[in-house]
Amino acid sequence: MLADIGRDCAKVEDSIDEFSVGDGSNPERFIVTTSHPGESLQDVVEFAELFSTDPAGKVQIVEL
C-alpha cells in the first residue's frame with residue numbers, strides 16, 4: 001500500500017501505478033496506491049495502518 005501526500009502526490013501515485021501495474025494483464029503485479037493532497041502525514045499514516053498488512057499495521061514512510 002502506498003499513500004502519497006504533498007505537492008504533486010497525485011502525479012507520483014499515477015506514475016507508480018503505471019510502473020508497478022502496467023496494463024493490468026499480470027494479476028501478480030498488484031499494488032494499492034492513494035494520494036492525499038492537503039492532509040497531514042499523521043492522518044495518512046493512520047489511514048494506511050487500517051489496511052491489512054503483514055506484519056499488521058506496519059507502515060513505512062518514504063520521502064521523495
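Hey, can you tell me all the residues within the range 23-56 that are among the hydrophobic types (A, V, I, L, M, F, W, C) and part of a loop (DSSP other than H, G, I, E, B)? Residues satisfying the conditions are Phe30, Ile31, Val32, Leu50, Phe51, Ala56.
Filter the range 21-30 for residues that are at pLDDT below 80 and open to solvent by less than 80 Å² (accessible area, probe 1.4 Å); which is farthest from Gln60 (Cα to Cα)? Once the filter is applied, the top-ranked residue is Gly24. Annotation note: Cβ proximity below 6 Å between a residue of the range 30-51 that is among the hydroxyl-bearing types (Ser, Thr, Tyr) and a residue that is buried (at least 16 other Cβ atoms within 10 Å of the Cβ) (sequence gap 6+ or interchain) occurs for Thr33/Leu2; Thr33/Glu13; Thr34/Ala3; Ser35/Asp4; Ser35/Cys9; Ser35/Glu13.
Residues checked against (1) hydroxyl-bearing (Ser, Thr, Tyr); (2) open to solvent by less than 50 Å² (accessible area, probe 1.4 Å); (3) at pLDDT 80 or above:
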| residue | (1), (2), (3) |
| --- | --- |
| Asp8 | no, no, yes |
| Val12 | no, yes, yes |
| Val32 | no, yes, no |
| Asp43 | no, no, yes |
| Ala56 | no, no, no |
| Gln60 | no, no, no |
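Screening Met1 on (1) modelled with pLDDT of 75 or more; (2) within 13 Å of the chain's Cα centre (by Cα); (3) open to solvent by 40 Å² or more (accessible area, probe 1.4 Å) shows it passes everything except condition (1).
The values are calculated or read from the model by the stated rules, or taken from the named source; none is laboratory data. Small disclaimer: the values here were computed from a predicted structure and weren't measured. When we count neighbours, we look across all protein chains shown, and the Cβ atoms used for this are built from the backbone with ideal geometry, even at glycine. The area values use the complete protein model at the heavy-atom level, side chains included, leaving out ligands, DNA and RNA. Shrake-Rupley method; radii C 1.70, N 1.55, O 1.52, S 1.80 Å.
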